[in-house]
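One structure is given below, encoded as structure tokens.
The values are calculated or read from the model by the stated rules, or taken from the named source; none is laboratory data. Fair warning: this is a prediction, and the values are worked out from it, not measured in the lab. Note: ideal-geometry Cβ built from the backbone for every residue, glycine included; neighbour counts use all protein chains shown.
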Amino acid sequence: MAMHRRKVLKGIAASGASLAVLKAPYVQAQAAPMRVGFLTVKTGPLASGGLQMEQGLLTYLKDRNNMLGGRTVELTTADTTGNPAVCRTKMQELVERFNVSCVLGPLAAFEALAIDDYIRSSRTPTLAVAGAEDLTQRKPNAWFTRPGATSAQPSHAVADFAAKDLKLKRVATIADDFAFGHENVAGFQRTFEDAGGKVIQKLWTPLNAPDYGTYISQLKPDLDGIYTGHAGSNGLKIMRQLSEYGLKGKLKVVGGFTPIDESLLQQIGDDGLGAHTGNWYSAELDFPENKKFVELMRRDYKVDPGVYAASTYLFGEVLDAAVKAVGGKVEDKEAFQKAIRAVKLQNSVRGPMHFDEFGNVVGNIYIRRVDKVGTKYVNAVVKTYPNVSQFWTYNKDEFLKNPVYSRDNPPARYLER
Amino acid sequence: MNRKSIAVAIGATACAAVPWIITNDYFVNLASQILIYALLALSLNLLLGYGGMVSLGHAAFLGLTGYSTILLVLAGHDQLTTAILSVVFSTACGALFGVLALRASGIGFLMITLALGQIVWGIAYRANELTGGDNGLTLPARPVPFGIDINSASNFYHFTLIVFAIALFCIWRMTRSPFGAALCGTRDQPRRMSMLGHNVWMIQWLTFVIASFWGSISGLLYIYYNLFMSPHAISLQQSAEALLMAILGGATTLSGPIVGAVIITIVKNVVSTYIERWNILLGLIFVIVIMFMPNGLVPGCRQLWQSIQSRRKAPAPETKSASEPAP
């Protein structure tokens with residue numbers, strides 16, 4: 001059995017991996033590559049996001065000659081299929097079988113929640129895309145770090161922009177009916193209503209709804225705008241159908257960080273023109289690091305990077321800085337984790353960023369508007385909210401006293417029947 | 001018989017020794033998972049193989065036990081009370097589901113079990129306050145049965161193995177009992193069985209309850225292993241997977257579902273590390289098995305073995321028959 005496995009593993013740094021399988025004492029050596037585990041989704045409905053995560057990470061590693069902070073990287077990619085139980089098994093495989101020093105991913109909130117206790121007990125530094133609020137709020141995990149954003153972190157800024165700059169008063173929300181959508185909309189609603197707006201209607205669409213017609217036709221006639229929190233290809237679908245139902249131009253469309261993703265922007269095209277979304281990233285960001293990233297992505301994959309690709313590219317930057325800080329000694333997990341949390345980047349792909357005490361990012365949130373430049377559609381940055389934390393402008397302790405954002409929390413005060 | 005009991009003893013020893021044969025925690029954990037899914041498939045197979053009732057809602061019992069275990073532990077009950085209560089609750093739901101589902105047979109039965117499974121899934125997904133919705137619930141810790149810590153991979157494996165062995169023995173006894181024979185009778189000749197004075201409905205309902213009981217036990221193991229429950233664990237896909245395990249291995253046999261669970265779990269978790277399109281491989285395995293061994297792997301291999309045996313013996317009578325006319 002071991003012989004066979006060795007044969008299969010031939011490509012993966014022969015000595016290290018098979019020694020680990022045979023439980024031989026692991027020899028710590030600077031020359032040995034640093035093992036990095038990568039949890040992504042390659043099959044199932046979340047696969048498009050998972051694919052971009054992989055593209056972003058590979059772009060970073062390729063550009064850096066497969067090095068992080070001076071150590072060669074040996075990447076092990078695992079497909080979680082978007083299923084919590086499989087995600088857990090894959091996480092165990094990465095840690096117990098491949099002896100990885102840190103794990104990147106997972107994508108979905110429920111995946112991160114399923115491995116939460118395992119991350120703690122195995123003490124594995126983990127950088128996650130998953131937005132689940134509580135992992136860096138009421139149930140903080142010392143080994144969990146989120147360089148992207150919580151589900152609602154950009155929503156707060158969009159809400160502020162919608163109320164103060166766009167002067168929207170009456171808004172309906174529409175989003176996917178799962179935890180990410182609930183948290184995403186809840187953040188918008190809270191800040192929007194605190195700024196004087198009213199959310200008068202909340203619609204939830206099933207994740208795999210083929211058509212939004214029945215939902216769009218429920219929209220109240222006297223709305224100023226609509227907020228969408230759809231993720232993945234559902235963003236494309238809602239933008240297209242809003243336009244098909246003749247609402248384009250009549251309703252101001254605002255959105256969270258997922259509906260108008262750069263990877264789908266060219267397909268959304270005219271339907272999205274003028275829509276405002278808030279995100280911690282835009283392919284249009286005028287930073288040297290980002291310009292390089294966008295160029296590499298266009299060259300290798302013929303797409304503009306969206307938020308998922310940017311996430312894993314950012315992971316690369318954060319890890320690079322952390323590995324440098326510990327002088328390459330990533331096998332010392334405590335020190336490595338401490339170094340990851342202490343990372344402070346001025347010129348990352350998303351601009352300046354650092355982590356708060358919970359391991360969640362504090363960084364800029366950009367309000368982007370869909371513009372047409374020549375024949376190309378872009379998410380042009382129209383406003384920057386600097387150094388936004390997961391708590392927005394709220395008091396941290398009060399924020400944490402409230403229950404976590406959900407479908408009915410905070411309660412909507414202005415719903416109209 | 002003696003040879004058989006020796007084989008069982010060797011098999012049991014080999015299973016018990018797994019953690020010492022494969023020392024890597026990951027593979028030991030995988031073995032535990034295989035046992036958990038094998039138990040789920042075994043319990044489903046009581047309905048499918050022995051009772052001829054195709055159920056597409058069996059994962060519901062995984063969820064009913066899992067969620068009730070977490071909720072009871074969070075409510076402050078101790079692990080033993082929780083385990084008993086949640087299995088009783090889940091089995092009671094099974095009894096109710098049985099009453100509903102057995103109003104129909106064949107496709108009707110399948111559709112009702114599908115609907116019931118989806119209702120459980122829907123409650124888990126929708127009742128945010130109770131089940132945490134999409135984000136699921138976390139069990140704080142594994143229990144400590146008789147003061148033994150089962151947190152390490154090998155200890156948990158042995159715990160699972162003991163439960164599995166008890167379950168396997170009970171299921172084996174059941175299928176070999178007069179009740180098991182009556183069950184097969186209701187599958188093949190329901191009208192004749194009722195003419196013979198058997199209460200067909202009662203036999204099928206009892207089987208449904210027993211199947212949901214063992215399904216609940218596998219749910220208990222599942223939640224102890226994963227410490228996490230979300231609607232994904234009880235989705236239609238999970239029910240279908242258990243069904244496929246039983247069909248792939250051979251639904252008419254006791255060992256079939258175990259073989260199916262081994263193959264599917266390994267392809268899903270180990271082979272997928274090397275082959276990106278492992279779904280296609282799984283599909284290919286199904287197609288090939290269904291084409292060449294329509295009754296499943298275990299009966300198929302048994303048939304193959306018998307035909308090889310008889311072919312090996314075949315030359316002997318042939319020479320006899322050839323030599324017979326000579327003198």
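If you go through segment A:273-298, how many residues are of a type in the set (A, V, I, L, M) and outside any loop (DSSP other than H, G, I, E, B)?
So the answer is 3.
So for segment A:101-110 (the condition being over 24 Å from B:Ser154 (Cα atoms), assigned to a helix (DSSP H, G or I) and either touching an Asp or Glu at 6+ places or on another chain (Cβ under 6 Å) or assigned by TED's automatic domain parsing to the domain that holds A:Tyr313 (or both)), does at least one residue qualify?
Scanning segment A:101-110, I find at least one residue that is over 24 Å from B:Ser154 (Cα atoms), assigned to a helix (DSSP H, G or I) and either touching an Asp or Glu at 6+ places or on another chain (Cβ under 6 Å) or assigned by TED's automatic domain parsing to the domain that holds A:Tyr313 (or both), so the answer is yes.
Which one is farthest from B:Pro231 (Cα to Cα), of the residues in segment B:56-81 that are part of a helix (DSSP H, G or I) and either among the charged types (D, E, K, R) or free of Cβ contacts under 8 Å to residues at least 60 places away in the same chain (or both)?
Only one residue fits best here, namely B:Thr81.
Condition test on B:Glu276, is it within 14 Å of chain A (Cβ to nearest Cβ), acidic (Asp, Glu) and under 30 Å from B:Gly180 (Cβ atoms)?
Here the answer is no, as B:Glu276 does not meet what is asked.
Has segment B:134-141 got at least one residue that is away from chain A (no Cβ under 12 Å) and either at positive phi or part of a helix (DSSP H, G or I) (or both)?
No; the residues of segment B:134-141 include none that is away from chain A (no Cβ under 12 Å) and either at positive phi or part of a helix (DSSP H, G or I) (or both).
Under 9 Å by Cβ, and 6 or more places apart or on different chains, what pairs join a residue from segment B:87-105 that is without any contact (Cβ under 8 Å) to a residue 40 or more places away in the chain and assigned to a helix (DSSP H, G or I) with one that is charged (D, E, K, R) and surrounded by fewer than 15 Cβ atoms within 10 Å (Cβ to Cβ)?
As it stands, the answer is none, since no pair meets every condition given.
On the given criteria, is A:Tyr215 within 28 Å of A:Gln52 (Cβ to Cβ) and assigned to a strand (DSSP E or B)?
No: the conditions fail for A:Tyr215.
Take the residues of segment A:298-312 that are of a type in the set (Val, Ile, Thr) and touching a helix residue (DSSP H, G or I) at 6+ places or on another chain (Cβ under 7 Å): which is surrounded by the most Cβ atoms within 10 Å (Cβ to Cβ)?
A:Thr312
Report whether or not A:Asp332 is charged (D, E, K, R), free of Cβ contacts under 8 Å to residues at least 12 places away in the same chain and farther than 25 Å from A:Ala109 by Cβ.
Answer is yes for this residue.
Any residue in segment A:289-299 that is within 22 Å of A:Leu135 (Cα to Cα) and touching a residue at least 60 places away in the same chain (Cβ under 8 Å)?
Checking segment A:289-299: not a single residue is within 22 Å of A:Leu135 (Cα to Cα) and touching a residue at least 60 places away in the same chain (Cβ under 8 Å).
Quick one: which of A:Ala159, A:Ala114 is within 14 Å of chain B (Cβ to nearest Cβ) and surrounded by 24 or more Cβ atoms within 10 Å (Cβ to Cβ)?
One residue alone meets the criteria, A:Ala114.
If a residue must be of a type in the set (Ser, Thr, Tyr), within 23 Å of the chain's Cα centre (by Cα) and within 17 Å of A:Gln241 (Cβ to Cβ), how many such residues does segment A:190-223 contain?
Of the residues in that region, 1 qualify.
Test A:Tyr308 against the stated conditions and say whether it is out of contact with any strand residue (DSSP E or B) (no Cβ under 6 Å at 6 or more places or on another chain) and either within 14 Å of A:Pro147 (Cα to Cα) or modelled with pLDDT of 95 or more (or both).
The answer is yes for A:Tyr308.
Are any of the residues in segment A:163-176 within 14 Å of another protein chain (Cβ to nearest Cβ) and in a loop (DSSP other than H, G, I, E, B)?
no
Yes/no matrix, rows are residues, columns are (1) within 30 Å of A:Lys169 (Cα to Cα); (2) within 21 Å of the chain's Cα centre (by Cα); (3) not in a loop (DSSP other than H, G, I, E, B):
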{"site": "A:Ser243", "(1), (2), (3)": "yes, no, yes"}
{"site": "A:Val253", "(1), (2), (3)": "yes, no, yes"}
{"site": "A:Thr258", "(1), (2), (3)": "yes, yes, no"}
{"site": "A:Leu265", "(1), (2), (3)": "yes, yes, yes"}
{"site": "A:Val303", "(1), (2), (3)": "no, yes, no"}
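Residues to consider are A:Asp165, A:Asp176; find the one that is touching a residue at least 12 places away in the same chain (Cβ under 8 Å), farther than 25 Å from A:Ala128 by Cα and among the acidic types (Asp, Glu).
Of the residues listed, the single one that is touching a residue at least 12 places away in the same chain (Cβ under 8 Å), farther than 25 Å from A:Ala128 by Cα and among the acidic types (Asp, Glu) is A:Asp165.
Starting from residues that are among the charged types (D, E, K, R) and at the interface with another protein chain (Cβ under 8 Å from one of its Cβ atoms), keep the ones in segment A:70-94 and report whichever is surrounded by the most Cβ atoms within 10 Å (Cβ to Cβ).
My answer is A:Lys90.
Would you be able to say whether some residue in segment B:28-46 is more than 25 Å from A:Arg88 (Cα to Cα) and either touching a residue at least 12 places away in the same chain (Cβ under 8 Å) or over 16 Å from the mean Cα position of the chain (by Cα) (or both)?
yes
Can you name the residue in segment A:223-241 that is outside any loop (DSSP other than H, G, I, E, B) and in contact with a Phe, Trp or Tyr (Cβ under 7 Å, 6 or more places away or on another chain) and, of all such residues, is surrounded by the most Cβ atoms within 10 Å (Cβ to Cβ)?
Here the residue is A:Tyr227.
Tally the residues that are in contact (Cβ under 8 Å) with a residue 60 or more places away in the chain and among the hydrophobic types (A, V, I, L, M, F, W, C), restricting the search to segment B:4-19.
Total satisfying the criteria: 4.
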